[in-house]
1. Pull up all non-local amide H partners of A:Gly597: gap of 5 or more, or a different chain, and H-to-H distance under 5 Å with H placed in the peptide plane.
2. Roughly how crowded by other chains is peptide B:89-98, in terms of the mean Cβ count from those chains within 10 Å of each of its Cβ atoms?
3. In debye to the nearest 20, how big a dipole does the protein assembly as shown give about its Cα centre with +1 on each Lys and Arg Cβ and -1 on each Asp and Glu Cβ?
4. Over 19 Å between Cα atoms: which of A:Lys176/A:Lys209; A:Lys54/A:Lys209; A:Lys109/A:Lys468; A:Lys173/A:Lys463 fall into that group?
5. What FRET efficiency, computed as 1/(1 + (r/R0)^6) with R0 = 51 Å and r the Cβ-Cβ distance, is obtained for B:His133 and A:Ile416, rounded to the nearest 0.05?
6. Work the Kirkwood hydrodynamic radius out for region A:281-347: mean of 1/r over every pair of different alpha-carbon atoms, inverted, in Å.
7. Can you flag which of B:Lys82/B:Lys123; A:Lys360/A:Lys642; A:Lys224/A:Lys653; A:Lys7/A:Lys662; A:Lys594/A:Lys623; B:Lys9/B:Lys130 are past 31 Å Cα-Cα?
8. Provide the gained length on full extension for the span A:Leu106 to A:Phe14, in nm with one decimal, where the gain is 0.36 nm per separating residue minus the Cα-Cα distance.
Amino acid sequence: MFKNYLKILIRGLFKNKGYSVLNIFGLVIGITCASLIFLWVENELDYNKSFPNKDYIYKILTNQEYNGEIYTFDATPGILGPTLSEEEPGIKYTTRFNEEERLVTLGEKSFYKNGAYVDDDFYSIFSIQFIEGSIENVKSNINGIVITKKTAQQYFGTYKNIVGKNLKLDNKKYYKITGVIADLPDNVSLHFDWLASFKSYELGKEYLKYWGNNSTSTMIQLSKKANFNTVSSAVKKIIPENTDNEGRTYGILHSINDWHLRSSFKNGVQNGGRIIYVHLFSIIALIILIIACINFMNLATARSVKRANEVGVRKVLGSKRIHLIVQFFIESFVLTSIAAIISVFFVLLLLPQFNQIIGKNLQIELANPIHIAVLAGIVIFCSILSGCYPAFYLSSFKPVVILKGLKGNQGGATFIRNGLVVVQFVASIIFIFSTIVVYTQIKHVKDRDIGYNKSNLVAINVKGDLLKNIDVVRQEMLNTGMIENIGLNSYNILNGGYNGSGYSWEGKPEKFDPLISMRFIDSEFIPTMGIKIIDGRNFYKKPNENSIEVIITASFAKMIGNGSVIGKLIRRDKNVFEVVGVVNDFVYGNMSIKKAGPIIFLNYPSKASYIYARIKDNMPVNKVITALSVVMKKNSPSFPFKYSFVEDTFNSKFKNEMLIEKLSQWFALLAILISCFGLFGLAAYTAEQKSKEITIRKVLGANVKSIVNLLSQDFLKLIIISIIIAIPIAWLIMSNWLQKFAYRINISWWMYALAALIAIFIAMFTISFQAIKAARTNPAKTLRTE
Amino acid sequence: MIVIKNLKKSFRTEEVETLALNKVTLTVTEGEFVAVMGPSGCGKSTLLNIIGMLDNPTEGSYKFAGHEVSGLKESQRTQLRKGNIGFVFQSFNLIDELTVFENVELPLIYLKMKKSERREKVKMVLERMKIGHREKHFPHQLSGGQQQRVAIARAVVSNPKLILADEPTGNLDSKNGTEVMNLLTELNQEGTTIVMVTHSDRDSHYAHRVVNLFDGQIVTESQNREIRATI
């Protein structure tokens, strides 16, 4: 019997090539999408899962209260880890982890490499595997360096027999290689090329011993018998006990299992993170699969006239209904399996492009039991979902009716079919609408006035003793003729500065203690950036080392008082500053915040870490970079020239949103494509159903246009119903998504209209093929068939 | 074999109720060849469908080989029909995707017959219907007469006691029509009971008895032996 079903299926597939292609290709798109999304979701969910102690590893974060709001930082006092290690028995290991970029040099080979200064427990916590050397080596050598296998190969061409050799860091100090460790997988939260002892890092850094200074990451591993609540409570208490900040800064535990997906905090409480995208894309995968399955159902039931005869004959010849149900389920299973096999090839084909979009290196592993199980699961899900309606609907046909010749609209079936088309288009319209909203929101944030001109602006990293020659460097850069101005800043303008509280001024309310960002700049920084001085003046060119002059942003000035604040004094600890200028606010850190945070600038160019160079208009970028690199190589020969365009760094801050934008574009396109396959098939079916009516109308004088209208109007009604249903759902979803942006767009009417027009246009375009074909059919041919 | 008493069948739509069969009483004995005639819409096909257990009567009794059929569920009717009744339709109703051989084999598959046995039976019946050389062809590759011979082969392959033919020559030219009628006559002479619905006077002459229906009622019944003998 099974063989008989297969024969019918395969011969039917070849006989109705058009339907088969629409059906299978719709499923292929659905399964391919779902598989790609699965690979991404799997990768996201597997983050940090490769660490055997993952269930006991935590990072200590600090909740810091400023002006009634709690901010959560991955920054703790340097002394926290060692103290906890001594005082809290539930903690098995602790390590501090300070990420740094250093120029690592071996002879002629010199590269900037990311690394971290860690305590010895780090190796135990993260079960680091030594390929060469050992943990004992590491422990016994404070000036040792451990490098990854990849780094070893980059410098030495091999990872063997290099223990004991030296690498120079930042052209200053030699570190002896004490070990080579296995490269960590891509999907872990720790990224480093080298590790060095925290003991060497903390030498001379007294501030690491202060409880009031939060500048170190601290990680711990609990012992297996530890009570989480006890440790958590100890972590919460220890900072307030050692400071006099009345508990406004305290530690919290953040499990490694949440580092990647649940790292967002609001008012001191975990409130999601990337997990929202994992959920979102899983739902999208499911919706696309359902759209593809609906296609299958619709096309199968639309072919019911052709299949009815077979059903009738089989029933007359003795087939039970269950046989037919099984037959149709087998058909959907076989078709879905064919689609799944084709999808695997598509996934392999598309994976490199997909990886490029999402910035990962995902791989499909055909021997991986999880991958096989998921693919099988998708096949079973699609088979059941696609097969259920045709199986129960077609098998319900009564042979008496069929053998008389089944005609007409078959009442309930038409209703369900139309309902399914509506479901497909509702999903498609939501995707289209979402794409429009995401695109507009990203454009809105990107195009916002962030308070300075970010175009034609290069940030150059200051390394070594460059600042000693900064006047020469500045002049040589200006002499290239391509640079308009040069400014210095201690921090990357797009990120935070030295953030802190404890500022006071005359008239400040007692409990008002805002978080202020401090930056050290030179007198050229403000004009170079295009930041406007709205009151007072800029710094003088030659700063006095004991200068107490500061420039503040408008939001800070507003905190001090209405009217001019020039000449007012600001105090912090023992320092007194005098406000000489007020500049406009500019956005830093999170670009989607509504208002920029307050900033205080000190005229302190010797603390600069970045040179900002404003390129003159219409200068060829390549030539500018070459000219800048020549100047840098001349004045800082031992450090490779490292630069970035501020605009590129700015754009990279929207990585997640741009990923959502790109993927929602693709999913909208695919969803509408699959839906159109279904619509195309249904239009063909309707034309077939209405062939007699079309013929009679043509005989009576109808022209092609009126026939096309006749066939299109029913579908147009379905699309309009879909629009009516989709719009409130889409509004709900997207206004919820927009909530996460303080600086956001308002959803406006044209977005709904555009989504609706796109859906109508695409649907009508699809239907028109079949409608025109039907309208042009020779009536004599149909009459002969009748 | 067939005992029908006071059979009624009505079809109800939203607005009207149509009485397709009205108190029909009919007996068909084993080995008989009965033709059912009448104008379009008189209830011929409805009667045939009820006899073939494809449909249930609204009222009355229908006994097939002693079993009361009226009121049986679809699955029970299917069970009783399997192997006992063969159907021949005007429009052949072959499955397009199956070859001649596979179409004829289908009823035997539902009877769960072994493959070797099925093969033997199908081969035999195709030879008998003079269509053996076409066993690997698909229906659309055959002429109308050939397709109807395949349909008859499929109807008889399970050796049913009864063959129901609904205008079996309706889609055929006279030559092929005669061939089909001769085949049915042959089957009848071998003992198969045949009930045939027809519009054709010529075809009705092949039957032993002609039942005339009008407005859902049997209006006349006539014996036909002499006429048939002269054809």
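A short reminder: the numbers here are calculations on the coordinates, not readings from a lab. The structure displayed is predicted, hence computed values, not measured ones. Heads up, the Cβs are rebuilt from the backbone with ideal geometry, glycines too, and the neighbour counts pull from every protein chain shown.
1. The list, which skips near neighbours in sequence, is A:Tyr588.
2. Details: counts 4, 1, 3, 2, 9, 3, 11, 7, 13, 6.
Whole-number average of other-chain Cβ neighbours for B:89-98 is 6.
3. Details: 118 positive and 86 negative charges, 426 e Å.
About 2040 debye.
4. On the way: A:Lys176/A:Lys209 27 Å; A:Lys54/A:Lys209 29 Å; A:Lys109/A:Lys468 26 Å; A:Lys173/A:Lys463 14 Å.
As for pairs spanning more than 19 Å Cα to Cα, those are A:Lys176/A:Lys209; A:Lys54/A:Lys209; A:Lys109/A:Lys468.
5. Numbers: r = 46 Å, r/R0 = 0.90.
Approximately 0.65, to the nearest 0.05.
6. Working: mean 1/r = 0.0722 Å⁻¹.
13.8 Å is the Kirkwood radius here.
7. Working: B:Lys82/B:Lys123 20 Å; A:Lys360/A:Lys642 24 Å; A:Lys224/A:Lys653 39 Å; A:Lys7/A:Lys662 43 Å; A:Lys594/A:Lys623 37 Å; B:Lys9/B:Lys130 39 Å.
Flagged as over cut-off: A:Lys224/A:Lys653; A:Lys7/A:Lys662; A:Lys594/A:Lys623; B:Lys9/B:Lys130.
8. Details: separation 92, 0.36 × 92 = 33.12 nm, distance 6.57 nm.
Working it through step by step, the gained length comes to 26.5 nm.
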